[in-house]
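Please treat every number below as a calculation from the coordinates, not as lab data. What you are looking at is a predicted structure, and each value in this text was computed from that prediction instead of being measured. For neighbour counting, all protein chains shown are included, and Cβ atoms are generated from backbone atoms with ideal geometry for every residue, glycine included.
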Amino acid sequence: MYNYLRISVTDQCNLRCTYCTPCCGLDLYRDDEKLSSEQIVRLGRIFAGLGVTRVRFTGGEPLLRKDILSLVAAFKNIPGIEQVHLTTNGILLGKMAAGLKQAGLDGLNVSLDTLVKERFKALTGFDGLSDVLTGIALAQKTGFENIKVNAVIMAGKNDDEIFDLIGFFKQHNLIGRFIEFMAITPLWDEQLYFSIERIQALCRSRYIVEPSLFRSLGPAEYYSLDQTQPIGFIHTVVENCQQCSRLRLSASGKLKICLYEEQGLSLKPLLSEMTDSELAVCISERIKEKNKIDHQFFKNRQIYMSQIGG
């Protein structure tokens, strides 16, 4: 059952992370190329009818979309949708946490690769560490629990902060997750690769590491360190592919059944040509192809992560 849909609501971002977006930037979609809020909600209803129960809004940076609060509220009212989550870089979270909670958002993921101000600016192109930390604190104060904080670990960039990040997660009762640098992007640099196995080995050198019963929407494997709150570890390729239940909808309306798929099925033109039932059949047939994916074939695709929302 493929019950988890990630919806990229915009390809715009207010950061330029070195592993996500090239320094020269990317061509953005024109307004007429993007899905409207009505189209996103219509597709949400269709996907719910096909068994999708969990939705995550991504970007770019989803909080840059002006109608994100109304989108969250609309999806909370779609029959069959049980959970609505959002992934953000946290820059605007402090200003929008209360509105997101009021709209009914069930959970948050926040990207945070470093706790060092100068390093944050070097990695993201923006002096915004204090904004992210404030955003996380205000989101917790607003009532969000089990906030997940994602850290991409890169050799020579932030691998020396693993224990500092763990301490931060523990101190603030956050669900930390460590992620490998993904080889599918043109920004890939093998010298920066720091494997999950190396991270886990470091954790075992200082903590008692045991499997955790905690589970989330995505592919993380969770462990407890010294019997405290869980820490997640996310491999980036084959380990996740065999158990993947995720579908992806781009800001331009392309349905991707695999993260490594380059093109996807363009649904936007079909919205004006088909009824909901016809679209449902079309989407259903495409989803069936997910069982036939050759992950080794897709593994070497060259995709910028900012274009697909991770």
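The table for this structure:
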{"item": "Debye equation applied to the C-alpha atoms of the chain, log10 I(q)/I(0) at 0.11, 0.15 Å⁻¹", "result": "-0.66, -1.30"}
{"item": "Inter-site label distance for Asp31 and Asp159 at 7 Å from Cα along Cβ, in nm", "result": "4.7 nm"}
{"item": "Other-chain or far-sequence residues with amide H under 5 Å of Tyr193's (modelled H)", "result": "Ala155"}
{"item": "Within a Gaussian network of the chain (alpha carbon springs, distance under 10 Å), most fluctuating of Gly99, Gly107, Gly90", "result": "Gly99"}
{"item": "Residue range of the chain that is longest and free of GluC sites (Glu not before Pro) which are both DSSP loop and sparsely packed (at most 15 other C-beta within 10 Å)", "result": "146-261"}
{"item": "Amide hydrogen neighbours beyond the local backbone of Gly176, cut-off 5 Å, H modeled", "result": "Val149, Gly232"}
{"item": "Nearest-ten-degree value, helix 276-288 long axis tilted from longest Cα axis of the chain", "result": "50 degrees"}
{"item": "J(HN,Hα) series, region 44-52, from Karplus relation 6.51 cos²θ - 1.76 cosθ + 1.60, nearest Hz, glycine and proline x", "result": "x, 5, 5, 5, 4, x, 9, x, 6"}
{"item": "Nonlocal amide H pairs with Arg56, under 5 Å, H built at 1.01 Å", "result": "Leu5, Arg6, Ile7, His85"}
{"item": "Nearest-ten-degree value, helix 196-206 long axis tilted from longest Cα axis of the chain", "result": "40 degrees"}
{"item": "Most mobile listed residue (Asp127, Asp226, Asp32) in the chain, GNM with C-alpha springs under 10 Å", "result": "Asp32"}
{"item": "Relative contact order (percent, whole number), the chain, Cα cutoff 8 Å, 6+ residue spacing", "result": "21 percent"}
{"item": "Cβ charges +1 (Lys, Arg) and -1 (Asp, Glu), total dipole of region 8-121, debye", "result": "300 debye"}
{"item": "Unsatisfied cross-links (Cα-Cα over 25 Å) in the set Lys101/Lys148; Lys95/Lys121; Lys117/Lys141; Lys101/Lys157; Lys101/Lys170", "result": "Lys101/Lys157"}
{"item": "For the chain, built as a Gaussian network whose Cα springs stay under 10 Å, the top-fluctuating residue of Tyr193, Tyr207, Tyr223", "result": "Tyr207"}
{"item": "Calculated from backbone phi, Karplus (6.51, -1.76, 1.60) coupling profile of region 102-114 in Hz, x at Gly/Pro", "result": "5, 6, x, 4, 8, x, 10, 10, 10, 8, 7, 9, 7"}
{"item": "Candidate aspartates and glutamates - alpha carbon under 13 Å from Lys34, same-chain residues fewer than 8 apart omitted", "result": "Asp11"}
{"item": "Helix axis angle, 162-171 relative to the chain longest principal axis, alpha carbon, degrees", "result": "80 degrees"}
{"item": "Rounded if a/c under 1.5, otherwise prolate or oblate - region 70-203, Cα gyration tensor axes", "result": "prolate"}
